[in-house]
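Below is one structure, written out as structure tokens, with a few remarks after it.
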Amino acid sequence: RLYVAVQQIAPMQALAARLRSCELPAMRIMAHAYADFVDAGIAFVTHEDPELTVALFERAEAQAARWPYLQRDVLLYRMYAQLSAGQDAAARATLRRAQRFVDAAPSPWITANLRRVEGGLASAAGHWSEGRQLLQSASATFELAKDRCDALLTRYLLCLIGETFEVGDPEELAGIRDEMN
């Protein structure tokens, strides 16, 4: 997550290589599944070919089928890749699958990320009240988890969308921008 967030490709490539070089027979298949996920993350960070990125996340999802914790992370990032590729309908379908998956393998962090995306999508569709509730829920979860980065990102998104609907607070948005620097 950190390497994706700060767009550090070299450490991601090194991680993928280490995972692929796993010599423990019992761990090799899982390590390769994680390596596929890292490869998809590299494609996501480089933004060179959105369709290829989505395909790499699809491959990573297939490889992650045996490992629920990996699969829910792959679903989350696959959804982000689909949104980046302009595949809104596919992203919504992945969002729904990810939500069902998280019901079976709970994760407050994944749930908060899904709410953030769902809130953004609802707001973009003109459903500001629903979007705001989802974004506030995501922000509160991140703050409770002491995930300052995601909490700040979610609050920033909430303010930007609020500004679009002319209900935002310009001072709060300026404060968040200052905090981000």
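The values are calculated or read from the model by the stated rules, or taken from the named source; none is laboratory data. None of these values were measured; they are calculated from a predicted model. Cβ placement follows ideal geometry from the backbone for every residue including glycine, while neighbour counts extend to all protein chains displayed. For the accessible areas, the whole protein counts, side chains as well, though only heavy atoms, and no ligand, DNA or RNA atoms are used. Shrake-Rupley method; radii C 1.70, N 1.55, O 1.52, S 1.80 Å.
Here is how the numbers come out for the structure above:
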{"read-out": "Subset of the stretch 1-33 (residues that are more than 21 Å from Ala90 (Cβ to Cβ) and within 16 Å of the chain's Cα centre (by Cα))", "value": "Arg1, Leu2, Tyr3, Ala5, Val6, Gln7"}
{"read-out": "Residue in the stretch 160-173 that is over 24 Å from Ala122 (Cα atoms) and either assigned to a helix (DSSP H, G or I) or at pLDDT 70 or above (or both) present", "value": "yes"}
{"read-out": "Tally, over the stretch 45-60, of residues that are closer than 19 Å to Ala17 by Cα and modelled with pLDDT of 95 or more", "value": "5"}
{"read-out": "Residues of the stretch 91-107 classified as hydrophobic (A, V, I, L, M, F, W, C) and open to solvent by 40 Å² or more (accessible area, probe 1.4 Å), total", "value": "3"}
{"read-out": "Of all residues in the stretch 145-154 being of a type outside the set (Ser, Thr, Tyr) and at pLDDT 90 or above, the one that is nearest to the chain's Cα centre (by Cα)", "value": "Asp150"}
{"read-out": "Helices (runs of 4 or more DSSP H) wholly inside the stretch 10-85 containing at least 3 residues that are farther than 21 Å from Ala105 by Cβ and open to solvent by 20 Å² or more (accessible area, probe 1.4 Å)", "value": "25-46, 50-63"}
{"read-out": "Positions within the stretch 108-129 being touching a helix residue (DSSP H, G or I) at 6+ places or on another chain (Cβ under 6 Å) and surrounded by fewer than 18 Cβ atoms within 10 Å (Cβ to Cβ), in sequence order", "value": "Pro108"}
